[in-house]
Amino acid sequence: MTTTTTPARPSKPLSTLLYRHRWMRLVGLLSLPLTWLIGLYIVSLALLLVTAFWYIDSFTSKVIPGFTLDNFALVFSEPAYITTSLRTLGVALAVTVLSAVFAVPLGIFMAKLASPWMRAVLAVAITLPLWAGYLVKILAMRITFTEEGFFNWLMAPFGITGPGFSIVTVVLTLTYLWFPYMALPVYTAIRQIPVNLFDASADLGAHGFTTIRTVVLPLLWPALIAGSVFTFSLSLGDYIVARFVGGANAQMIGSIIASNINLNPPVAAAFSVIPIAFVVIYLLVTRRTGALERM
């Protein structure tokens, strides 16, 4: 009497298991990004917010866990802090507007008018600031606008002097640093606009600026919003630029945070909430425009 043995069933391949269980696919896909987002980013912000309610022991100068609103009261009642916050907000908005003003005509020229070699040269020129180190670019702007710098030397025959180390130089430097983040999405969006829209606008009698205002800008709005999120948020959190090219009267939010991070960490944490609030308000405002849904 012979017995037959049933061959062992092959184990399920991983791909079959993932195909049959949708939740396992989601876990595998989202585990790493969620670990980064929740475990590092959100938890760090939560700890920052918790620290803002702690206080400093006046005798030992040590941070004591507890709950107090004195740090927020100081941030919102100190005139110097309020002035610095408004100055930082104004700088971030000025950098965003200036980047958009430069990006739109440059993008139109590159996408619709420039020859291929000129387009390549301008693309390299736009992305060139991204090739160098952050401090190298700031030092380059410092050398340019110093008292005996390149700008004053170039403008001396015309009797013009540069802004020196001031808030104007801070805006120009931040625009130089973050302009690629505005120019690239604007250029990409303009390339996708059909040429016949420009021809139709010209046939209907619209001049160049009228075409830009009525045809180009409405189509560019999502790209401008996308670029502005980068230029606004990056300018809002910067303070190295203000330190090197801003002079004594160009202090920004990051400057106060950096000066308090060792002396009074709870005050630094409370003051850090302000740029976060500015960014959240900015995103809510841009969301109401509907541009984020069209990105």
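The values are calculated or read from the model by the stated rules, or taken from the named source; none is laboratory data. All of these numbers come straight from a predicted model, not from anything done at the bench. Here the Cβ is made from the backbone with ideal geometry for all residues, glycine too, and neighbour counts use every protein chain on show. Just the protein is used for accessible areas: all its heavy atoms, side chains included, with ligands, DNA and RNA removed. Shrake-Rupley method; radii C 1.70, N 1.55, O 1.52, S 1.80 Å.
Could you work out [θ]222 nm for the chain from helices alone, using -39500 (n - 2.57) per DSSP H run of at least four and dividing by all its residues? Round to the nearest 500 deg cm²/dmol. Let's see the in-between values first.
Details: 15 runs with 193 residues, N = 295.
Theoretical 222 nm ellipticity from helices: -20500 deg cm²/dmol.
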Fill in the blank from the handout: On the accessible surface of the chain, probed at 1.4 Å with all protein chains in place, carbon and sulfur together account for a percent value of 70 percent
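Rounded if a/c is under 1.5, else prolate if a/b is larger than b/c, else oblate: which is the range 135-184, with a ≥ b ≥ c the root eigenvalues of its Cα gyration tensor? Provide the component values of the computation, followed by the final result.
Values: a/c = 2.27, a/b = 1.91, b/c = 1.19.
Since a/c reaches 1.5 and a/b is larger than b/c, the shape of the range 135-184 is classed as prolate.
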Exercise for the section: Please give the per residue volume of the convex hull enclosing the alpha carbon atoms of the range 236-290, rounded to a whole number of Å³. Expected result: 83 Å³
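Quick one: which of 132-139, 213-220 comes out on top by average Cβ neighbours within 10 Å, and what's the full order, highest first? Mind dumping the intermediate values first?
Working: 132-139: 13.1, 213-220: 15.4.
Packing order, densest peptide first, comes out as 213-220, 132-139.
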Practice task
Find which of Leu217, Thr51, Trp36 sits farthest along the positive direction of the dipole of the chain, computed with +1 on the beta-carbon of Lys and Arg, -1 on that of Asp and Glu, about the Cα centre.
Solution key: Trp36
Exercise for the section: Of the listed values (1) 144; (2) 120; (3) 296, grab the one calculated as volume of the Cα convex hull per residue in Å³ from the structure here. Expected result: (3)
Practice task
For the chain, with a Gaussian network of springs between Cα atoms less than 10 Å apart, report the residue from Gly39, Gly237, Gly90 with the top mean-square fluctuation.
Solution key: Gly39
Handout entry: GNM top mover of Leu234, Leu154, Leu32 - the chain, alpha-carbon springs below 10 Å
Key = Leu32
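How much accessible area per residue does the chain have, in Å², with a 1.4 Å probe?
Working: 18510 Å² over 295 residues.
On a per-residue basis, 63 Å².
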Completion exercise
For 102-111, 55-64, ranked highest to lowest by mean beta-carbon neighbours within 10 Å, the order is 102-111, 55-64
Exercise for the section: Work out which helices of the chain, taken as complete DSSP H runs, extend at least 15 Å along their axis over the Cα atoms and score a mean Kyte-Doolittle of -0.5 or more, then list them. Expected result: 22-34, 79-108, 116-127, 134-145, 167-191, 217-236, 265-288
